[in-house]
Number of protein chains: 2
Amino acid sequence: MPLKVVLVGAGNTGYHLGKHLSEHAELLQVFSRSEEKARRLSLLTGVPYTTSLDELNPAAGIYLLAIHDDGIASVADQLCKLGFSGKLVCHTSGATPVSVFEKTGLKRYGVFYPLQTFTVGRQPDFEQIPFIVEANNPEDSAILDELARVFTKKIYHLSDEKRAALHVAAVFVNNFTNHLFGAGKKILDAESLPFELLLPLITETVAKLHLAEPASMQTGPAKRGDLKTIARHLDYLKRYPELQELYNILTKSIRQGL
Amino acid sequence: MPLKVVLVGAGNTGYHLGKHLSEHAELLQVFSRSEEKARRLSLLTGVPYTTSLDELNPAAGIYLLAIHDDGIASVADQLCKLGFSGKLVCHTSGATPVSVFEKTGLKRYGVFYPLQTFTVGRQPDFEQIPFIVEANNPEDSAILDELARVFTKKIYHLSDEKRAALHVAAVFVNNFTNHLFGAGKKILDAESLPFELLLPLITETVAKLHLAEPASMQTGPAKRGDLKTIARHLDYLKRYPELQELYNILTKSIRQGL
């Protein structure tokens, strides 16, 4: 019997989870407070939508909350008041502990966290994406495993502590890295140089991660202790005090080692 | 008539430039102070090597210095004393101004900078790599163009100032980014989680750069202003004060915007 899912949330993550579920499982309904987002995903999947939790379809086995971390506790509370306290409810957040559900009246709950950055306009390759799943009881853990297998074979059961660590690491390698790409772009923009100049270098930096660990591939003036070049770079960056500060602290960190 | 080149330096950059030149131009000789590196490249290319500048072959048109920034001025000086002052000498450094040659007795000099990170064990795709070339006279500039065309069609003539800016940007997107990958690995190692978990996320972060500019794709707790998650992350990072400091300053920078 296919898994019946109601999806709460139709942002970047909800959009792609919903699209995939509508094709490979049984997606019953899509909820979003934003009528625009709800309708967009409904049109894509052919599944009805609602913008009101009162109208949530009670026939599903799993209620998947692909919403902002801050909204999870409150939506869970509302689901309880609406009579869903016996249903399996899980969130898709890397950062939120499963204990967020403990103070609600929910009896069955869990986490269903795909470790990826989603964008509406870009099709994810779910087979490559690790899913971290956890439930507050073994039966629901098995159900979430089954749901995850709809997406990937890379399924991990992690404690809150380990998932939180994974999320911190993800912030370093995704959010912070992207910010540094933005810094690079800012510097090139000011010189009327195209950002595309840096793409082969960035692509290679990442391709090398498949060969060896990052520390062993660290290069550059900080790693070499090339103080002359560092001084020249800091001098150049005087025009961007905030980038100069980033340069300083990252250089210091590379020199000290991790 | 093919360009005749003598390569001074057989590290990561010299290795790959030498390999390609031996296949697509005329590489006459390889120099490295390290006999091991000189012999390695000599065996690969079938070109003679020397570990002494005294023995440098005077028959080449171009002497390419693929050596550490700090050694450029001193090697250029020695080349002058050895009678090479009328030869075209260029370095392959992004960070070193062309003026490094001004105080030497060299009459013809320039820069031949491939914007990429090289590793001996990994074949670069030179067609994708931008080369930044510059000479102190138009005739030699044309010769360096010809040499660059042996590698790529992506040839740029940039002033010292613009090349220096490009190099600073490269440090942000390559050296600093790789250091953040190392930070992610350190966090996962301590939790006995495999670094491979993060590779799909990293790959996607970079793939998106081909679609839109980095700032428009910034996500995560800092961008959302999700102070609860930030506080949880900082609490987790108490065990790594140096990573906590990086987290703090990068989060602050994302919140302020570039």
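Each reported figure results from applying straightforward, stated rules to the coordinates on display, with no laboratory input. Since this is a predicted model, take the numbers as computed values, not measurements. Every residue, glycine among them, receives a Cβ derived from its backbone with ideal geometry; neighbour counts consider all protein chains shown.
Charges were assigned to the Cβ only: +1 to each Lys and Arg, -1 to each Asp and Glu. The resulting dipole of segment A:1-138 about its Cα centre is roughly 180 debye. Relative to the longest principal axis of the C-alpha atoms of chain B, give the angle of the C-alpha long axis of helix B:177-190, reported between 0 and 90° and rounded to the nearest 10°. For B:177-190 against chain B, the angle is about 50 degrees.
Each 5 Å bin from zero up to the one holding the largest Cα-Cα distance in segment A:1-46 carries the following percent of pairs: 5, 28, 38, 19, 7, 2, 0. Choose one of A:229, A:177, A:148: the residue whose Cα lies farthest towards the positive end of the charge dipole of segment A:120-251 (beta-carbon charges +1 Lys, Arg; -1 Asp, Glu; about the Cα centre). The residue sitting most towards the positive pole is A:229.
For residue B:29, nonlocal amide neighbours, meaning residues 5 or more places apart or on other chains whose placed amide H falls under 5 Å from its own, are B:7. Charging the Cβ of each Asp and Glu at -1 and of each Lys and Arg at +1, and nothing else, the dipole of segment B:114-176 about its Cα centre rounds to 320 debye. Placing one equal scatterer on every Cα of segment B:180-223 and applying the Debye formula, the log10 ratio I(q)/I(0) at q = 0.24, 0.29 Å⁻¹ is -0.91, -1.02. Comparing B:97, B:48, B:214 in a Gaussian network model of chain B, where Cα atoms under 10 Å apart are tied by springs, the biggest mean-square fluctuation is seen for B:214.
Rg and Dmax of segment B:1-108, based on Cα coordinates, read 12.7, 36 Å. Note on chain B: Cα-only Rg and Dmax are 22.2, 68 Å. Among B:152, B:219, B:92, which one moves the most in a GNM of chain B with springs linking Cα atoms closer than 10 Å? Looking only at B:152, B:219, B:92, the largest GNM fluctuation is found for B:219. Each peptide in B:238-247, B:5-14 was scored by the mean count of other Cβ atoms within 10 Å over its residues; highest first, the order is B:5-14, B:238-247. When Rg and Dmax are taken over the Cα atoms of the protein assembly as shown, they come to 27.3, 91 Å.
Given R0 = 25 Å, the distance between the Cβ atoms of residue A:102 and residue A:54 translates into a calculated FRET efficiency of 0.50.
Simple rule: put +1 on each Lys or Arg Cβ and -1 on each Asp or Glu Cβ in chain B, find the dipole, and look at B:72, B:15, B:217; the Cα lying farthest toward the positive end is B:217. Shape class for segment B:74-136: prolate, because the ratio a/c of the largest to smallest gyration tensor axis (alpha-carbon atoms, square roots of eigenvalues) is 1.5 or more and a/b beats b/c. Residues whose amide H lies under 5 Å from that of residue A:4, counting only those 5 or more places away or on a different chain, are A:61, A:62; hydrogens are built 1.01 Å from N in the peptide plane.
Dipole magnitude for segment B:71-152: computed about the Cα centre from +1 point charges on Lys and Arg Cβ and -1 point charges on Asp and Glu Cβ, it is near 320 debye. The C-alpha atoms of chain B define a longest principal axis, and helix B:160-170 lies at about 40 degrees to it. Debye sum, Cα scatterers, segment B:48-169, no solvent: what log₁₀ I/I(0) at q = 0.15, 0.23 1/Å? For segment B:48-169 at q = 0.15, 0.23 Å⁻¹, log10 I(q)/I(0) is -0.69, -1.46. The phi torsions of segment B:48-65, fed into the Karplus equation with coefficients 6.51, -1.76 and 1.60 and a -60° offset, translate into couplings of x, 10, 9, 10, 10, 5, 4, 9, 5, 5, x, 8, 7, x, 10, 10, 9, 9 Hz, rounded to whole numbers, with Gly and Pro shown as x.
With a Förster radius of 22 Å applied to the C-beta separation of residue B:234 and residue A:73, the computed FRET efficiency comes to 0.55. For residue A:228, give me every one of the lysines with a C-alpha distance below 27 angstrom, ignoring sequence neighbours fewer than eight places off in its own chain. Counting by Cα, and skipping residues close in sequence, residue A:228 has these lysines nearby: A:185, A:186, A:238, A:252, B:37, B:81, B:103, B:107, B:162.
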